[in-house]
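Participant: What follows is a structure written as structure tokens; I'll ask about it next.
The values are calculated or read from the model by the stated rules, or taken from the named source; none is laboratory data. Predicted model, so just to flag it, every value in this text is computed and none were measured. Every residue, glycine as well, gets a Cβ built from its backbone with ideal geometry; the counts of neighbours run over all protein chains shown.
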Amino acid sequence: MRIKILASVKEQFPTPGPYKTLDVVGRESPYQVGDVTHYGEVILILPSMLWLNDGVEQGVVVKLDPASLGIWCEESVMEKPPTSYDRIEFSPISVDTVGWSDNPPLTGPYTILSSENLTIENVSHLITPNTFSLWTNGCVVSKRTAESLESVRFAIVHRYSSPNGGDVGPQTHSAELIDSAGSCLALIRPTRRSRAMHIRGVVKSDGTFDPQGFSAREELADVPEIQKLFAIRAQDIELLISVLPEFMQLYEKDKNGKLTDDYEPLRMAVQLYGEAYSLSYWKARHILWWSAIEALYGSSKDAAIARIYSFFGNKNLVGGYNRPIYEKGDIPSCFYTPLRAYTRLGKWCRLSATCATPLPMDKRSPTHTSLLSHIHSVKVWSG
């Protein structure tokens with residue numbers, strides 16, 4: 001027979017109601033007052049009118065032993081909770097879905113940090129029209145945010161297991177991992193950002209996604225005009241895979257869980273660069289980008305510019321002066337193409353030097369090009 005076990009919601013007064021249901025168990029005979037159940041001693045037999053429509057044959061109230069709630073009852077006929085939860089957290093990235101570029105479409109999944117099970121993959125199969133209905137039906141979020149949530153395609157994804165559904169520690173670690181990978185990817189290829197930032201939840205046994213929360217930005221910051229059609233490409237992911245393990249060393253922690261001081265200037269540059277994306281006011285955004293550059297190279301003006309030339313010119317100041325700011329194909333055909341000289345680094349970061357031969361193509365790096373494009377955009381808007 002099926003027996004419903006209840007307990008008072010007020011632990012200090014176990015007999016009077018109201019009651020909460022603890023479990024439904026199956027056994028051969030009914031309980032009597034004084035019998036000991038998995039959850040505690042039976043102190044009251046409920047009248048049938050209180051449980052008649054619940055599909056059970058008896059209802060009893062117990063004096064609850066709180067320790068019993070953490071142990072599975074073998075007589076229970078209810079669905080056993082999983083021993084671990086297959087959790088997932090992801091953050092959208094911008095990819096070309098309409099064929100703006102000649103680059104082949106992304107396929108994936110791409111493992112970008114195998115030690116942490118971090119990937120870039122298409123998560124659109126997890127999202128249905130009803131996935132975010134809890135928030136969209138009640139107008140809890142704006143229409144634009146709802147559209148951003150429902151249109152997520154490719155994302156940086158972290159999958160992990162958790163012993164319970166509300167464990168904050170692994171959730172925090174997951175968010176930090178995704179943020180670090182997103183910062184590194186943005187340095188490689190700056191793109192527009194989605195209003196949806198982090199989406200987290202559980203992947204059920206049948207493969208469906210149960211969202212448990214998300215973060216979003218209402219004020220959408222933007223990238224410089226020339227970068228608005230930029231999208232993440234396969235070569236960008238390949239570069240991310242090669243540099244991300246070393247990039248993650250910036251965020252190493254000591255035994256007390258605090259970030260070490262060894263890489264603070266680099267972390268400052270990355271933080272300023274990333275925070276600029278959260279600002280909708282373009283002047284403030286460009287100031288932060290320039291501050292990120294100064295965090296890496298800053299001292300006197302000429303010394304900082306000389307260091308920039310040396311970095312982008314492979315320790316050759318003249319090569320850095322003549323370094324192209326954009327890769328071939330980065331400037332859309334619909335844009336007016338400026339004179340060749342004005343797309344060179346030296347024309348925007350001036351130093352008392354003269355230009356000579358350009359840097360060879362095999363010395364150019366997409367990471368360098370990303371930072372160069374921001375130098376260019378900052379100087380354009382700041383004059």
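Participant: Filter the stretch 207-245 down to residues that are assigned to a strand (DSSP E or B) and of a type outside the set (Asp, Glu) and give me whichever is surrounded by the most Cβ atoms within 10 Å (Cβ to Cβ).
Facilitator: Here the residue is Phe214.
Participant: A follow-up question, please. Give me a count of the residues in the stretch 172-193 that are crowded, with 21+ Cβ neighbours inside 10 Å and more than 20 Å from Leu239 (Cβ to Cβ).
Facilitator: 1
Participant: Can you find even one residue in the stretch 356-365 that is at pLDDT 65 or above and either over 20 Å from Asp222 (Cα atoms) or assigned to a helix (DSSP H, G or I) (or both)?
Facilitator: Within the stretch 356-365, none of the residues are at pLDDT 65 or above and either over 20 Å from Asp222 (Cα atoms) or assigned to a helix (DSSP H, G or I) (or both).
Residue-by-condition table, conditions (1) closer than 17 Å to Ser174 by Cα; (2) at pLDDT below 90; (3) of a type in the set (Ser, Thr, Tyr); (4) in contact with an Asp or Glu (Cβ under 6 Å, 6 or more places away or on another chain):
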| site | (1), (2), (3), (4) |
| --- | --- |
| Pro245 | yes, no, no, no |
| Gly257 | yes, yes, no, no |
| Met268 | no, yes, no, no |
| Glu275 | no, yes, no, no |
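Participant: Let me ask you something else. Please name all residue pairs, on different chains or six or more residues apart, with Cβ atoms under 7 Å, provided the first residue is in the stretch 120-138 and is on the phi < 0 side of the Ramachandran plot and the second residue is of a type in the set (Lys, Arg).
Facilitator: Once the first residue is on the phi < 0 side of the Ramachandran plot and sits in the stretch 120-138, its partners that are of a type in the set (Lys, Arg) give Asn122/Arg153; Ser124/Arg153.
Participant: While we're here: Please verify whether Val42 is aliphatic (A, V, I, L, M) and within 45 Å of the chain's Cα centre (by Cα), treating the condition exactly as stated.
Facilitator: Criteria not met by Val42.
Participant: For the stretch 197-221, which residues satisfy the criterion of being at pLDDT 85 or above and not hydrophobic (A, V, I, L, M, F, W, C)?
Facilitator: Within the stretch 197-221, His198, Arg200, Gly201, Thr208, Asp210, Pro211, Gln212, Gly213, Ser215 meet the criteria.
Participant: Does Leu44 satisfy being closer than 30 Å to Pro170 by Cβ, not assigned by TED's automatic domain parsing to the domain that holds Ser148 and not acidic (Asp, Glu)?
Facilitator: Here the answer is no, as Leu44 does not meet what is asked.
Participant: Further question: Right, Glu75: touching a strand residue (DSSP E or B) at 6+ places or on another chain (Cβ under 8 Å) and either farther than 17 Å from Glu11 by Cα or without any contact (Cβ under 8 Å) to a residue 60 or more places away in the chain (or both) or not?
Facilitator: yes
Participant: Looking at (1) at pLDDT 90 or above; (2) exposed (fewer than 14 other Cβ atoms within 10 Å of the Cβ), which is the only condition Lys63 fails?
Facilitator: (2)
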